[in-house]
Each structure stands twice: as C-alpha cells, then as structure tokens.
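Novice: Following this message is one structure expressed as structure tokens.
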Amino acid sequence: MGLLLTKLMAVFGDKGKHKVVIVGLDNAGKTTILYQLLTKEAVHTSPTIGSNVEEISVRNTRFLVWDIGGQESLRATWFSYYCNTEIVILVVDSTDRERLTVTKDELHRMLAHEDLQNAAVLVLANKQDVKGSMTVGEISQFLTLSSITAHTWHVQACCGLTGEGLPASLDWMKSRVLAN
C-alpha cells in the first residue's frame, strides 16, 4: 500500500512539498514526535500499524512526513516508502541500549537502498528527558555515523513529549532542502 501511495504522490503530488520518512524501532517515539511537530503538544499514541502521513510547514517550506510503523514485521516494508524521499528521520530511543545494534543494522541497510541515494539523514536521539539516556555522542558512535559519507547527516537530542530539540530539527531539515 505504501508503494502505491508513494507512486501516486510522485505523479499527482504537489511538487512544493518535500518528502520525509520517519523510521525507527517500535516504541522509539516516532508518532509522538510527528504530532509534536504538527501540534506542538504531547498526544497519546498507540503503535502505528502501517503509516501516518501529515504535512508540516516551516516558514513557507512544506514537508510531507510519512511516519512508518517500526515493529519487526513492518520493517521489511519500509523500502516501499522511499521513492522521492529527501530526508530520512531515524528516531532512536536513547534509553534502549539493548536494541541499538538492531537500529544500526536497519539504518545501514536503509541507506544502501537506491531510492535513498540522495536523501539526508536526521537522527533524533529521543527521550533525553529520561535519566541515564545515552548522549548524542554515544548514539552517533554506536551507529557509526562517521562512516556515512554518501549522505548528509545530523544528530539532534530531543524529547518528543516536550518538543525540546525539535525546532532545531526542523531548521536543519529546512536548510537541507534549501541547499538542494
């Protein structure tokens, strides 16, 4: 279904919108962040089955943001959303040390996909409000982001519940699409 919607958007969609996909493991906070960006409020969410799509405007720049479910069974379908993606947002649960290897593997597998050759990568280190959460530096090092040379990338500490760090993320996204 995602592939069909992506193809339809490519043909009929507004060319003034920049496509963004939000991915990450289940319970990383993807949907919470999407709706915090949209409404600037914390909203109660449930696990995403499939995807959510919303338009977010940042000072006359419009992003069509696809929030894709992160359960293990859904990760195999992520590629069907990649067509025409300009920015990939990877949401990392900064408290989930045990699954960081899975996140790293998914990130590097995703960036090898031909439809994401020109996509920039924004890593959101979510849940920074939780005591003992990993720092941006720890996450960057563990994900081996310095080895990613074919994509522009940025890591941003954030809290999806309060919105802390998200305005800077939007500014970075806007600067990326304007640079292209």
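Novice: Counting residues that are over 16 Å from the mean Cα position of the chain (by Cα) and surrounded by 14 or more Cβ atoms within 10 Å (Cβ to Cβ), which strands (runs of 3 or more DSSP E) fully inside segment 40-136 reach at least 1?
Specialist: On the way: elements: 51-58, 61-68, 85-93, 120-126.
Ranges flagged: 51-58, 61-68.
Novice: So Met173 passes all but one of these: (1) touching a residue at least 12 places away in the same chain (Cβ under 8 Å); (2) surrounded by fewer than 20 Cβ atoms within 10 Å (Cβ to Cβ); (3) farther than 21 Å from Gln71 by Cα. Which condition number does it fail?
Specialist: So the condition that Met173 fails would be (2).
Novice: When you scan segment 137-169, how many residues do you find that are part of a loop (DSSP other than H, G, I, E, B), polar (S, T, N, Q) and over 15 Å from Thr32 (Cβ atoms)? Lay out the reasoning, then the answer.
Specialist: So the first thing to find is which residues in segment 137-169 are part of a loop (DSSP other than H, G, I, E, B), and the list is 143-144, 148-152, 158-165.
Subsequent filtering for residues that are polar (S, T, N, Q) retains 144, 149, 152, 162.
Subset that is over 15 Å from Thr32 (Cβ atoms): 144, 149, 152.
Residues flagged as part of a loop (DSSP other than H, G, I, E, B), polar (S, T, N, Q) and over 15 Å from Thr32 (Cβ atoms) within segment 137-169 amount to 3.
Novice: If you don't mind, there's one more thing I want to ask. With respect to Gly137, determine if the residue is within 13 Å of Gly29 (Cβ to Cβ), among the small types (Gly, Ala, Ser) and out of contact with any helix residue (DSSP H, G or I) (no Cβ under 6 Å at 6 or more places or on another chain).
Specialist: Working: within 13 Å of Gly29 (Cβ to Cβ): no; among the small types (Gly, Ala, Ser): yes; out of contact with any helix residue (DSSP H, G or I) (no Cβ under 6 Å at 6 or more places or on another chain): yes.
So Gly137 fails the test.
Novice: To continue, here is another question. Quickly run through segment 62-115 and pick out the residues that are farther than 17 Å from Thr31 by Cβ and of a type in the set (A, V, I, L, M).
Specialist: Answer for segment 62-115, where residues must be farther than 17 Å from Thr31 by Cβ and of a type in the set (A, V, I, L, M): Ala76, Ile87, Leu100, Val102, Leu107, Met110, Leu111, Ala112.
Each value in this text was obtained by applying a stated rule to the coordinates, not by laboratory testing. Worth saying up front: this structure is predicted, and the values here are computed from it rather than measured. Cβ coordinates were reconstructed from backbone atoms using ideal geometry, including for glycine residues, and neighbour counts include every protein chain displayed.
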